[in-house]
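Okay, so here's the structure we're looking at.
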Amino acid sequence: MIIDCDSCAMRDLACGDCVVSVLLGPPGALAPGFDPEERAALDVLADSGLVPPLRLVPRRSA
């Protein structure tokens with residue numbers, strides 16, 4: 001999975017409550033890539049309340 005904060009509709013609106021920002025820092029850092037096992041682990045952490053859920057919302061092309 002490639003997470004591109006530049007294409008997230010929630011950028012600058014909910015970055016402080018995004019698991020990407022919590023784990024890797026604010027937007028502007030390199031876009032991380034998570035494999036299925038890593039994504040599953042993040043989902044478990046979020047479901048347990050240990051990290052915020054991923055809030056990536058891709059922007060629609062105009």
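The values are calculated or read from the model by the stated rules, or taken from the named source; none is laboratory data. A quick note: this is a predicted structure, and the numbers were derived from the prediction, not measured. Cβ sites come from the backbone with ideal geometry, for glycine too, and all protein chains shown count toward neighbours. Just so you know, the surface numbers come from the protein's heavy atoms only, side chains and all, with ligands and any DNA or RNA stripped out. Shrake-Rupley method; radii C 1.70, N 1.55, O 1.52, S 1.80 Å.
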Taking the condition of being surrounded by 12 or more Cβ atoms within 10 Å (Cβ to Cβ) and at pLDDT 70 or above, how many residues in region 27-38 meet it?
1
Which one is modelled with the lowest pLDDT among residues in region 3-26 that are surrounded by fewer than 17 Cβ atoms within 10 Å (Cβ to Cβ) and more than 20 Å from residue 50 (Cα to Cα)?
4
If we ask which residues in region 49-62 are open to solvent by less than 80 Å² (accessible area, probe 1.4 Å) and modelled with pLDDT of 75 or more, their number turns out to be 4
Under 6 Å between Cβ atoms, at least 6 apart or on separate chains: pull out the pairs that start in region 37-62 with a residue that is over 18 Å from residue 15 (Cβ atoms) and end on any residue that is modelled with pLDDT of 85 or more and surrounded by 12 or more Cβ atoms within 10 Å (Cβ to Cβ).
none
